[in-house]
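Notes follow the structure.
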Amino acid sequence: MKHLTAKTKELVLNSTLEEKISYLRKQKWIPYPQADKIMAKLEDLKNYPTVDRMPNLLIVGETNNGKTALINKFYKKNNPYIREGEYDIVVAPVIVVQAPAEPDEKSFYNKILEMLNAPVIKSENPDFKLRRIISLFKKLEIKLIIIDEIHHVLAGSPLKQRVFLNVLKYLSNELKISIICVGIRDAFNVIQSDSQLANRFETMILERWKNNQSFLQLLINYEALLPLENPSYLTENSIASKILAMSDGLIGEINTILIKAGELALKSGLNKIDHKILDNIDYVSPEDRKKILRRNIL
Ligand SMILES: Nc1ncnc2c1ncn2[C@@H]1O[C@H](COP(=O)(O)OP(=O)(O)OP(=O)(O)O)[C@@H](O)[C@H]1O
Ligand SMILES: [Mg+2]
C-alpha cells in the first residue's frame, strides 16, 4: 500500500467498513501548490514589520473553490495562545471574521466584537464600537485580520460601498495591520474601483482547476488519504480528465466526487476508484444542476 500515508494505511488495515466510510467523509485538508503559496504569503504578512502603509491581500476565487477552507487552515495554525509571564497575556495573531450580509459598518463592527468575545451593545454608537475594536486589537497584538465573504459588504449601493471602503482604509491606517479580504470576483472589481485601496492590495487567485501539474499533485495528495486498499492511479490521464470534467474545475466538487467514489469503491469491495465507479456514483455536476434548474423553471 505504497500509495497511502502511514496513518491511512494503518486505518485501512485496522478498521471496519463503517469506520473507513466515516473517515472518508471527514473534512480533510489536502495540500496543493497554490494554497501553499497563499499560505506562505499570509505567513509573510503576519510577520511584516509595522510600516505606515501595511501591505494587504485580496484572495479571489469562485464559489466552492477552497477560499474559506484555506483561511481556516491558516487560522488553525495561528490560534490565540497565552504568553506566559508575570501577567499571562492572551495573544491572537490572526482573526477571521465573516463579513455581514448587510453592507453596513455597524454590523461589521458587531461581527468583529463577537469574534473577539467582546460584549456587543446594540445601541452603541459605531465610533465607540470602532474605538473598542482598536483598543482590543492592540491588546491582543493582532497582526492580520481576515475578512471572508467580503463581496457581501461590497455589494451595497455606491454610497454604502464607499463607507465600507473607508472603514477598511481607516483600520489599515490606524492599526497598521494587514487586512486580508477574501471573496468572489466582484470583490476584486470594487477594490479596484478605489485607487487608494487598489494600490494597497495585492491579489492572489484561486483559479478553477485545469488539467495541469497542480491538479495531478492534488490528486496524488488526495489518493494518499483515501482509505482504499488498492491504488486507483487517479493521475492516470483519462481518470484525471474525467474527474476534472465532472467537477467543473471546482475543488468542492472534486472533494464531493472523491468522497462518493471512495464510498462506492469501499462498499463494492473493489477498493479502488476507476471509470466504472465514477460512472456509477450518485452525482450531478454543477453544469447539469444548472440545466435541470433551468428546465424546471422555464
Ligand atoms: N484543500 C482542500 N482539501 C480538501 N477539501 C477542500 C480543500 N479546499 C476546499 N475543500 C472543500 O471544498 C469545499 C468548498 O470549499 P470552501 O468552502 O473553502 O469554498 P469557498 O471558495 O469558500 O466557497 P464560497 O465562495 O461559496 O464560500 C468544502 O467542502 C471544503 O471542505
Ligand atoms: Mg467561503
Considering only helices (runs of 4 or more DSSP H) wholly within the stretch 177-244, the ones with at least 3 residues that are outside the structural domain of residue 96 (by TED's automatic domain parsing) are 213-223
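For residue 162, indicate whether it is surrounded by fewer than 18 Cβ atoms within 10 Å (Cβ to Cβ), modelled with pLDDT under 95 and under 24 Å from residue 70 (Cα atoms).
Details: surrounded by fewer than 18 Cβ atoms within 10 Å (Cβ to Cβ): yes; modelled with pLDDT under 95: yes; under 24 Å from residue 70 (Cα atoms): no.
In short, no.
Hey, among 252, 262, which residue is within 16 Å of ligand 2 (Cβ to nearest atom), in contact (Cβ under 8 Å) with a residue 24 or more places away in the chain, part of a helix (DSSP H, G or I) and not assigned by TED's automatic domain parsing to the domain that holds residue 186? Steps first, please.
On the way: 262 fails: within 16 Å of ligand 2 (Cβ to nearest atom).
Within the list 252, 262, the selection yields 252.
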Residue that is surrounded by the most Cβ atoms within 10 Å (Cβ to Cβ) [pool: residues in the stretch 11-53 that are farther than 23 Å from residue 255 by Cβ and not assigned by TED's automatic domain parsing to the domain that holds residue 93]:
13
Counted residues, the stretch 31-77 - those being within 16 Å of ligand 1 (Cβ to nearest atom) and assigned to a loop (DSSP other than H, G, I, E, B):
7
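The values are calculated or read from the model by the stated rules, or taken from the named source; none is laboratory data. Computed from a prediction, not measured in an experiment: that's the story for all the values here. Ideal geometry is used to build each Cβ from the backbone, glycine not excepted, and the neighbour counts take in all protein chains shown.
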